[in-house]
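Here is the structure we will look at.
The values are calculated or read from the model by the stated rules, or taken from the named source; none is laboratory data. Not measured: the values here are computed from a predicted model. Glycine gets a Cβ as well: all are built from the backbone with ideal geometry, and neighbour counts include every protein chain shown.
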Amino acid sequence: MTSEFDLWTENDVPSGQIGKTLIFTRTSRRRFLVQVTAAIAAFTLGPRFLALAQAAAAGATKTADLSTHDAVNVRLKINGKDYAIDQLDPRVTVLDLLRERLHLTGSKKGCDHGQCGACTVLINGRRVNSCLTLAVVNDGAEITTIEGLANGKQLHPMQAAFIKHDGFQCGYCTPGQICSAVALVKEGHAKDDAQIREWMSGNICRCGAYTNILAAIKEARDQSGAAVKG
């Protein structure tokens, strides 16, 4: 099908140049269509993108205002040391406070959904997924992280047992595993292999060192002489 533009080209352009001119005109029309399409897209989508950008800017401003006006002061005892944390965003979790503000990076951020246990710390003696609990809720609490288990250069018995039995491979989950195991023994939930596995099921080891972890916990339990619940 020949357009009027093609007819004009064939009638008015010397025969020796018709081929080149047709290529030029078709290329120009193709470019013209691209430009028109781009202009329509910009006209149609431009306001939406602008609205999204404005919404994002408003959200950032709101976040900044919240951090400034609703900030709280929190007092915590962490690994035996008193901390006064001022101007803390009330949405900050214990894990983020430990890692990002206090630079206690032993507790790991794994799934950040409380499913892997890598972030486990002891709060008032209880094992807690620190990625799910807010720092402000624990105002005045005593927190023990993996950094606070050892007595100076002397390792905690659970730490020593993990090393002896190779209760780790990559080591990423190990801080949470050890903190959870320490609480497990104190809770008296280390009666037998089945009970240990059940009460440690919230701590995942993606390397699969469960057999060695079990052996380490049993040795630390026996050394501590802790009572076990039935």
Quick one: which residue in VAL136, VAL92, VAL74, VAL128 is of a type in the set (Val, Ile, Thr) and closer than 26 Å to THR211 by Cα? VAL128
Identify the single condition in (1) assigned to a strand (DSSP E or B); (2) surrounded by fewer than 13 Cβ atoms within 10 Å (Cβ to Cβ); (3) of a type outside the set (Gly, Ala, Ser) that HIS103 does not satisfy, given that it satisfies every other one. (1)
Output yes when any residue across the range 107-119 is more than 16 Å from the chain's Cα centre (by Cα) and of a type in the set (Asp, Glu), and no when none is. no
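Here is a yes/no grid of residues against (1) of a type in the set (A, V, I, L, M); (2) over 20 Å from LYS77 (Cβ atoms):
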residue	(1), (2)
CYS119	no, no
ARG127	no, no
VAL136	yes, no
ALA141	yes, no
THR144	no, no
GLU147	no, no
LYS153	no, yes
HIS156	no, no
PHE168	no, yes
Being part of a helix (DSSP H, G or I), modelled with pLDDT of 95 or more and over 22 Å from THR105 (Cα atoms) is the requirement here; does ILE178 meet it? no
Just to be sure I understand the filter: pairs with C-beta atoms under 7 Å, separated by 6 or more residues or on different chains, first member in the range 200-215 and in a loop (DSSP other than H, G, I, E, B), second member polar (S, T, N, Q) and surrounded by fewer than 19 Cβ atoms within 10 Å (Cβ to Cβ). Which pairs pass? CYS207/GLN169; ALA209/GLN169
With respect to the numbered conditions (1) part of a loop (DSSP other than H, G, I, E, B); (2) touching a residue at least 12 places away in the same chain (Cβ under 8 Å), which one is the sole condition not fulfilled by GLY171? (2)
Tally, over the range 120-155, of residues that are part of a loop (DSSP other than H, G, I, E, B) and within 19 Å of the chain's Cα centre (by Cα): 6
Among all residue pairs at least 6 apart or on different chains, which show Cβ distances below 8 Å where the first residue, located in the range 103-124, is within 23 Å of ALA150 (Cα to Cα) and the second is in a loop (DSSP other than H, G, I, E, B) and among the basic types (Lys, Arg)? ALA118/LYS108; ALA118/LYS109; CYS119/LYS108; CYS119/LYS109
